[in-house]
Amino acid sequence: MDFNSLKPKVESIILNKKKTIDERLLKICELLEASINYYNWVGFYFKNGDKEELKLGPYVGAPTDHTIIPFGKGICGQVAVSNQNFVVPDVAAQDNYIACSITVKAEIVIPIFVNGENIGQIDIDSNTPDPFTEADERFLEFVCKKVSEML
Ligand code: SME
């Protein structure tokens with residue numbers, strides 16, 4: 001499945017106003033996990049109100065204990081403060097990393113901006129070492145932009 005053929009599917013999920021926002025976010029997780037073989041855990045984290053922490057939103061993949069992540073902690077918490085994409089080819093090489101599953105080899109986190117504010121992120125874990133390219137970043141930036149238009 002190439003990214004260009006996924007884009008209209010993402011857009012049609014986003015535009016389906018019969019579903020709640022969380023239902024649409026879950027559909028996006030399901031689409032991505034099912035379509036891209038090295039996307040093994042796909043989820044959204046969002047800023048938890050006024051708190052300096054992330055709260056887990058819809059996701060697919062193994063259940064995680066990390067439903068709340070303080071800003072600055074782990075890959076996700078670092079993206080909450082850096083406002084930058086974070087591509088991790090080898091999670092074992094990261095000091096500031098929160099392990100969710102021993103099968104995970106790599107991770108990518110892309111921030112979501114609403115009116116210039118970093119309000120959350122998409123987080124993808126892979127069981128394949130070093131699988132992510134710039135094409136993943138550009139595609140996931142597209143997904144995050146579409147998500148931000150729905151919020
Ligand atoms: N590995 C992440 C934690 C979230 S789990 O991947 C679902 C991190 O280091 O922030």
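The values are calculated or read from the model by the stated rules, or taken from the named source; none is laboratory data. Here the structure is a predicted model, which means the values were calculated and not measured. Ideal geometry is used to build each Cβ from the backbone, glycine not excepted, and the neighbour counts take in all protein chains shown. Accessible surface areas use protein heavy atoms only, side chains included; no ligands, DNA or RNA. Shrake-Rupley method; radii C 1.70, N 1.55, O 1.52, S 1.80 Å.
Listed by chain and number, the aspartates and glutamates placed with their C-alpha closer than 14 angstrom to that of Lys17 are Glu149; residues fewer than eight positions away on the same chain are left out. Across segment 91-100, computed HN-Hα scalar couplings (Karplus, 6.51 cos²θ - 1.76 cosθ + 1.60, θ = phi - 60°) run 5, 5, 8, 9, 6, 9, 9, 10, 7, 9 Hz from first to last residue, x flagging Gly and Pro. The Cα center of segment 93-151 and the Cα center of segment 1-46 differ in position by 13 Å. Taking 24 Å as the limit for the C-alpha separation, the pairs Lys9/Lys105; Lys19/Lys55; Lys19/Lys51; Lys47/Lys105 exceed it in the case of Lys9/Lys105; Lys19/Lys51; Lys47/Lys105.
Shape of segment 1-107 from its Cα gyration tensor (a ≥ b ≥ c, root eigenvalues): rounded if a/c is under 1.5, otherwise prolate when a/b > b/c, or oblate? Here segment 1-107 falls in the oblate category. Count the net charge of all other residues whose Cβ sits under 13 Å from the Cβ of Ile13, scoring Lys and Arg as +1 and Asp and Glu as -1. It works out to a net charge of +3. For segment 22-37, 3J(HN,Hα) computed residue by residue from phi via the Karplus equation (6.51, -1.76, 1.60; θ = phi - 60°) reads 5, 5, 5, 4, 5, 4, 5, 4, 5, 4, 5, 5, 6, 9, 10, 5 Hz, glycine and proline entered as x. For segment 4-110, the residue among Ala106, Ile69, Thr20 whose Cα projects farthest onto the positive side of the dipole built from Cβ charges is Thr20. Take every Cα pair under 8 Å whose residues are at least 6 apart in sequence, average their separation, divide by the length of segment 3-150, and the relative contact order is 23 percent. The figure for Ser12 is an accessible area of roughly 70 square angstrom, using a 1.4 Å probe on the protein chains alone.
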